[in-house]
Amino acid sequence: MKDHGTPEVVHRQDHGFMPRQPELTDAEYQTIANFVHKESGINLLDGKKELVRARLSKRITQLQFSDFKTYFKYVMGDASGDELVFLLDALATNLTSFWREPQHFDFMSRTFLPELEQKRRKPGGGGPRLRIWSCACSSGEEPYTIAMVVMDKSAYFGHGGDFRILATDLSTKVLNIAKRGEYGPESVKNIPPADLHAYMNKIPHEKGGDHWRVQDAVRRIVSFRRFNLLDPLPIKHPLDLIFCRNVFIYFDRQTIMEIVNKFHKTLELGGYLFIGHSESLSGLQHSFQYVAPCIYRKTTQ
């Protein structure tokens, strides 16, 4: 690592010297917030100054910079783009769990899967092909839950069918966790016991307690990839269902409309979009048909 200079220090009598936490000025905060919004669509302008300071201070100290201005110049000058990825990783909020917002999985079981199977079984209907996108997958709980639901509720798609899930996130940190597919007891507590034993294996862990690894049969269905929702969508063929839950709360209205319209173009006619329980497309210009709270359907091309 390059020598970035000596960090400022403060004397602390009980432990000697420690790095001083850098101060974040309003101008620096505005610069970083504008940059993050341009690069990722994440809106940091609504009272999130302390969040930015807290999450980036450790990195600034680690690199031995004395202030945010110097660190931001380093980000802008990093031709590899690695530090930009680190910056966005640090500021992205990733909160998830297995079977989170279960009404979506109930809808999948009772409406979406039977409806699609009936369509696919017709002559020229496409057969047992199912494509789902979890577009803010975090540490993997959402796409693995989707896979378990399909495998549990639909033999047509889930066992021997052409079933694939694309799982993407902005954060490489959480994607690495997702790819490992290993979770502790607190993470798996919402998984129905039958599904826990059917689709996950108990593994030893140095910290004790029951830890679990997603079975290979489930893992093979899910492909994890880093993706920024502001970029052109990485989809070559129409999708049947998109999960984009608890993402729009971080975006402004214009960014949401742009993403939603891209989703509409990407879905198969009759496909569905699921958003978070605290989100709505009300008041936004879009082409989806409202079905139920947090559930929208593509009914026109």
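None of the figures in this text is laboratory data; all of them are computed from the coordinates on show. Treat the numbers as computed from the prediction; the structure is a model and nothing was measured. Note: ideal-geometry Cβ built from the backbone for every residue, glycine included; neighbour counts use all protein chains shown.
With respect to the chain, whose longest principal axis is taken over its alpha-carbon atoms, helix 68-77 is tilted by about 60°. Labels on offer are [x] 74, 50, 32; [y] 52, 40, 33; [z] 50, 48, 41, and the one holding Cα extents along the principal axes in Å computed from this structure is [x]. With the alpha-carbon atoms of the range 191-267 aligned to their principal axes, the span from lowest to highest coordinate is 47, 28, 23 Å, starting with the largest.
Given +1 on the Cβ of Lys and Arg, -1 on the Cβ of Asp and Glu, and no further charges, what dipole in debye does the chain carry about its Cα centre, rounded to the nearest 20? Show your work: numbers first, answer last.
Details: 40 positive and 35 negative charges, 187 e Å.
In total the dipole reaches around 900 debye.
Given the -39500 (n - 2.57) contribution per DSSP H run of 4+ residues, what per-residue ellipticity at 222 nm results for the chain, rounded to the nearest 500 deg cm²/dmol? Let's see the in-between values first.
Working: 12 runs with 114 residues, N = 301.
When only DSSP H runs of four or more count, the value is -11000 deg cm²/dmol.
Relative to the longest principal axis of the Cα atoms of the chain, the long axis of helix 26-40 makes an angle of roughly 30 degrees.
Taking the fewest neighbouring Cβ atoms within 10 Å as the starting point, the ordered list for Tyr74, Tyr272 is Tyr74, Tyr272.
Looking at the chain, send over the antiparallel percent of its DSSP beta bridges, to the nearest 5. All intermediate terms of the calculation are to be shown ahead of the outcome.
Numbers: 16 of 35 bridges.
Looking only at bridges with both residues in the chain, the antiparallel portion is about 45 percent.
Going down the table (Lys49/Lys69; Lys265/Lys298; Lys236/Lys298; Lys38/Lys73; Lys58/Lys179), which pairs top 21 Å between alpha carbons? Could you put the intermediate results ahead of the total?
On the way: Lys49/Lys69 15 Å; Lys265/Lys298 9 Å; Lys236/Lys298 18 Å; Lys38/Lys73 16 Å; Lys58/Lys179 26 Å.
Pairs exceeding 21 Å: Lys58/Lys179.
Footprinting exposure proxy ranking of Met148, Met257, Met200, Met76, fewest other C-beta atoms within 10 angstrom first, gives Met76, Met257, Met200, Met148. For the chain, the longest principal axis of the C-alpha atoms and the axis of helix 49-62 are separated by about 70°. Measuring between their Cα centroids, the range 28-51 and the range 132-171 lie 32 Å from each other. Using C-alpha pairs below 8 Å separated by at least 6 residues, the relative contact order for the range 196-301 is 21 percent. Counting other Cβ atoms within 10 Å as a rough exposure proxy, the listed residues Lys49, Lys236, Lys298, Lys58 run Lys236, Lys58, Lys49, Lys298 from fewest neighbours to most.
Taking amide H as placed 1.01 Å from N in the peptide plane, the amide H of Arg129 sits under 5 Å from that of Asp162, each at least 5 places away or on another chain.
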